[in-house]
Ligand code: NA
Ligand code: NA
């Protein structure tokens with residue numbers, strides 16, 4: 001059986017299983033099972049058990065359930081609605097108004113969390129109910145969350161940067177710093193889109209809130225203090241050397257619990273509900289991660305991604321067309337595999353080719369992370385889509401449609417990165433040594 | 001029978017939640033221990049095992065509450081007979097695959113016990129212990145699938161269909 | 001037949017380069033009868049699961065860092081007993097002394113040892129220069145297994161658990177201030193980005209091993225077995241000489257990137273030697289009669 005046939009079988013099986021309504025995690029594992037059973041001679045069940053054991057006990061993953069819990073606590077207390085009350089007076093003049101909270105919130109949270117799903121889930125838990133209540137456009141709410149949630153990967157700390165840094169022999173410290181400017185620029189692009197869309201669709205933006213006097217504004221701003229304290233505490237714990245980025249999630253939970261207690265919004269019932277809610281959501285995401293991990297290893301055994309990458313190598317492309325082809329390759333693969341798997345499975349083949357083409361591996365790292373960000377919001381397999389489906393009940397194609405403009409902004413970002421490589425190299429060049 | 005199953009799902013759910021809280025307790029105590037120039041031996045590994053135990057114990061209860069997501073474009077549009085057929089296919093597949101997975105999981109757990117596999121970190125924890133906790137969760141998932149499969153065969157709705165977004169509080 | 005070979009380290013690492021060469025040699029020597037697909041950098045199986053994967057037939061052959069399994073049997077922790085065998089020659093001698101026992105142990109676990117290659121000696125990475133081991137007192141010393149925890153304790157440092165992925169950031173923010181690892185890992189992780197001083201204390205030479213599943217091995221004919229063994233012997237010989245050659249070069253890379261690469265003073269050496277003595281005694285006690293036999297064969 002050749003690789004083209006194998007790829008077609010894999011894609012068709014996946015579409016069939018997902019289309020029938022089989023639970024996403026089981027569909028991914030099922031596709032892995034079919035691929036291994038048909039195209040390899042390895043003991044499928046053993047591989048499944050061993051691989052999922054390794055994937056579901058990883059230390060860095062522990063940040064995910066904790067951040068989700070933090071979101072559940074904040075959602076159940078007054079802290080998140082207070083945050084909007086405090087921000088409202090200052091965003092009134094801005095086209096898009098409070099919708100920008102989704103984007104800026106994700107950007108700030110991305111500086112704490114290394115995962116895209118955790119970012120979308122934690123911020124979304126706080127913002128979706130508030131923005132919906134205030135009459136903002138539902139499609140724009142989910143689209144901006146899905147898009148901006150992916151910044152968790154680009155703004156340090158970032159799990160995928162660590163994975164890439166090890167594979168490509170690039171300093172992780174430099175990768176982290178290199179992601180800062182592109183992260184801010186991408187945030188800017190997202191905000192630009194939200195602003196532009198709001199100007200063009202004034203009827204779909206809720207009216208400006210009542211005019212306030214300056215003292216009223218200041219008083220409302222005071223309600224930002226708890227959430228500012230929380231952000232400062234969590235970020236501070238990382239940069240003051242008290243906690244590692246993974247541990248910062250624990251500090252976040254502790255901080256939110258303390259805030260909830262101090263503000264008197266925590267009862268036994270809200271505590272219990274927050275834990276149960278977080279445990280259900282994390283279980284849902286963890287189950288899909290496990291299915292995806294097994295699919296990844298099955299793909300590794302079949303050798304399909306590696307052979308596709310080798311096929312690109314054999315085309316002997318010029319630098320620019322190589323990047324165009326690679327971008328298309330990753331976008332298509334990203335529809336079916338999760339981003340980290342894509343990097344893990346293809347770097348061995350792709351990196352030498354990229355180096356031969358004279359592309360700087362640090363630059364390529366940032367490029368590939370933006371491409372992986374796109375994979376988070378392309379159907380049928382996109383983690384941010386799953387997270388938002390679970391939070392809003394909308395189906396993933398609706399959410400993908402809502403995220404499409406943000407996907408396009410990321411393509412613009414790739415182009416900008418190509419035109420202005422200094423965005424990547426400037427900050428790391430200031431590092432000593 | 002129904003009471004026993006309800007109790008089983010509820011117990012798994014509570015245990016899953018407790019393990020989630022334990023992750024936070026372990027991580028926060030590791031941070032504070034370090035501030036006091038101490039170490040909580042094996043806190044990292046234990047946190048990872050607690051997370052895995054929480055994920056797996058929650059699998060069954062999450063299914064029943066409709067927390068596991070699916071691509072509903074087709075399923076949600078169907079009513080009556082066709083809907084029932086599709087649900088049967090999904091539940092049959094779910095029962096089979098989770099059963100297959102649980103079987104191999106139990107074998108791996110037994111092997112770990114038999115070989116005396118230990119964690120590689122600071123605390124040499126026998127791996128069969130966390131694996132057994134996860135095995136319990138998987139078996140409960142299989143039971144939950146079977147439970148719903150039988151319900152749909154008997155012409156009732158599956159638990160997750162009526163659950164809506166309960167977990168959304 | 002095609003063999004899947006999961007390995008833990010990235011493509012640029014000398015161990016992976018050796019593995020790839022070994023795979024080619026096997027292919028050539030068996031006239032293409034055995035083709036090994038190398039899955040580097042944990043891309044197929046993550047490091048902690050590689051041994052189990054080969055034992056249970058998920059892969060035919062694999063490479064691991066032996067001391068990762070030290071909790072399972074003291075024998076797997078022998079190469080990382082600090083200040084016992086501190087250069088390539090001594091490490092080789094220690095390997096020869098322990099090889100029959102290692103082979104026997106692996107045999108019982110359904111694995112056949114093919115070859116074993118060391119890493120360069122482990123050195124001490126610290127933020128600031130130290131005058132003696134006493135200066136490590138109160139420092140946050142990266143501990144990732146019982147042996148490194150014990151070193152930290154004996155040096156009066158605070159054992160601090162940090163996962164490999166978070167090491168650079170942890171140094172940057174001061175969560176850890178000292179660690180022991182090889183110059184090779186220092187270069188791989190670009191240690192100069194987050195730490196200033198490297199002491200070439202030559203604490204121990206950890207070794208990797210490559211093994212094949214006994215079941216797969218039994219299925220081979222004698223000619224093939226011989227061909228694979230010869231390729232393994234060649235890989236082992238090359239690996240030892242290449243790493244030895246590379247060690248000086250690695251130290252230079254560290255200093256070339258602005259790190260202070262220092263030879264430890266006698267005071268530092270004595271302090272570590274004392275720690276080494278304690279830990280060797282502790283290891284021998286844990287490993288029982290076999291352990292004593294290995295250590296006396298090594299010291300002969
Ligand atoms: Na981040
Ligand atoms: Na996708």
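The values are calculated or read from the model by the stated rules, or taken from the named source; none is laboratory data. No experiment lies behind these values; they were computed from the predicted model shown. Every residue, glycine as well, gets a Cβ built from its backbone with ideal geometry; the counts of neighbours run over all protein chains shown.
Computed quantities for the displayed model
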read-out	value
Scan of the range A:114-128 for residues that are away from chain C (no Cβ under 14 Å) and near ligand 1 (Cβ under 8 Å from one of its atoms), ordered by number	A:119
Hits in the range A:129-164 - residues which are part of a helix (DSSP H, G or I), more than 16 Å from ligand 1 (Cβ to nearest atom) and surrounded by fewer than 24 Cβ atoms within 10 Å (Cβ to Cβ)	A:129, A:130, A:132, A:133, A:138, A:139, A:140, A:141
Any hit, the range A:79-90, residues being more than 16 Å from ligand 1 (Cβ to nearest atom), at pLDDT 90 or above and either away from chain B (no Cβ under 14 Å) or surrounded by 22 or more Cβ atoms within 10 Å (Cβ to Cβ) (or both)	no
Count - residues of the range A:35-46 that are farther than 10 Å from residue A:301 by Cα, more than 8 Å from chain B (Cβ to nearest Cβ) and part of a helix (DSSP H, G or I)	3
Out of C:64, C:45, sole residue that is within 18 Å of the chain's Cα centre (by Cα) and not in a helix (DSSP H, G or I)	C:64
Residue in the range C:31-39 that is surrounded by 21 or more Cβ atoms within 10 Å (Cβ to Cβ) and part of a loop (DSSP other than H, G, I, E, B) present	yes
Cβ pairs under 6 Å, 6+ apart, first in the range A:152-174 and in contact (Cβ under 8 Å) with a residue 60 or more places away in the chain and under 18 Å from residue A:120 (Cα atoms), second more than 16 Å from ligand 2 (Cβ to nearest atom) and part of a helix (DSSP H, G or I)	A:154/A:183; A:157/A:245; A:159/A:60
Test: residue in the range B:109-124 that is surrounded by 15 or more Cβ atoms within 10 Å (Cβ to Cβ), within 13 Å of chain A (Cβ to nearest Cβ), under 17 Å from the mean Cα position of the chain (by Cα) and part of a helix (DSSP H, G or I)	yes
Test result for residue A:123, farther than 17 Å from residue A:204 by Cα and either more than 16 Å from ligand 2 (Cβ to nearest atom) or part of a helix (DSSP H, G or I) (or both)	yes
Residue among C:86, C:12 that is at the interface with another protein chain (Cβ under 9 Å from one of its Cβ atoms) and surrounded by fewer than 22 Cβ atoms within 10 Å (Cβ to Cβ)	C:12
Hits in the range A:343-373 (condition: free of Cβ contacts under 8 Å to residues at least 60 places away in the same chain, under 24 Å from residue A:190 (Cβ atoms) and within 16 Å of ligand 2 (Cβ to nearest atom))	A:371
Any hit, the range B:36-49, residues being in a helix (DSSP H, G or I), under 23 Å from residue C:143 (Cβ atoms), in contact with a helix residue (DSSP H, G or I) (Cβ under 9 Å, 6 or more places away or on another chain) and more than 8 Å from every other protein chain (Cβ to nearest Cβ)	yes
Residue, farthest from residue A:344 (Cα to Cα), within the range A:374-404, restricted to residues that are more than 14 Å from chain B (Cβ to nearest Cβ) and within 10 Å of ligand 2 (Cβ to nearest atom)	A:377
Which listed residue, of C:153, C:163, is in contact with a helix residue (DSSP H, G or I) (Cβ under 6 Å, 6 or more places away or on another chain) and surrounded by fewer than 22 Cβ atoms within 10 Å (Cβ to Cβ)	C:163
Selection from the range A:331-355 of residues that are more than 16 Å from ligand 1 (Cβ to nearest atom), in a helix (DSSP H, G or I) and away from chain C (no Cβ under 14 Å)	A:331, A:332, A:333, A:334, A:335, A:336
Residue within the range A:104-112 that is within 14 Å of chain C (Cβ to nearest Cβ), modelled with pLDDT under 90, within 16 Å of ligand 1 (Cβ to nearest atom) and within 21 Å of the chain's Cα centre (by Cα) present	yes
Evaluation of residue B:73 against (1) facing chain A (nearest Cβ under 9 Å); (2) in contact (Cβ under 8 Å) with a residue 40 or more places away in the chain; (3) farther than 30 Å from residue C:152 by Cβ (one fails), failing number	(2)
Residues being in contact with a strand residue (DSSP E or B) (Cβ under 8 Å, 6 or more places away or on another chain) and either assigned to a helix (DSSP H, G or I) or on the phi > 0 side of the Ramachandran plot (or both) - total across the range B:127-162	0
Pick from the range C:88-131, criterion within 24 Å of residue C:230 (Cβ to Cβ) and in a strand (DSSP E or B), ranking: nearest to the chain's Cα centre (by Cα)	C:118
Matching residues in the range A:296-330 - criterion: being within 13 Å of chain C (Cβ to nearest Cβ) and within 16 Å of ligand 2 (Cβ to nearest atom)	A:296, A:299, A:305
Selected residue (criterion: nearest to residue A:164 (Cα to Cα)) from residues of the range C:33-42 that are at the interface with another protein chain (Cβ under 9 Å from one of its Cβ atoms) and in contact with a strand residue (DSSP E or B) (Cβ under 8 Å, 6 or more places away or on another chain)	C:42
Among the candidates A:230, A:186, residue that is crowded, with 16+ Cβ neighbours inside 10 Å, more than 16 Å from ligand 1 (Cβ to nearest atom) and either away from chain C (no Cβ under 14 Å) or closer than 18 Å to residue A:340 by Cα (or both)	A:230
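Every residue, every condition in (1) modelled with pLDDT under 95; (2) part of a helix (DSSP H, G or I); (3) in contact with a helix residue (DSSP H, G or I) (Cβ under 7 Å, 6 or more places away or on another chain), yes or no:
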position	(1), (2), (3)
A:367	no, yes, yes
A:387	yes, yes, yes
A:403	no, yes, yes
A:407	no, yes, yes
A:413	no, yes, yes
A:433	yes, no, yes
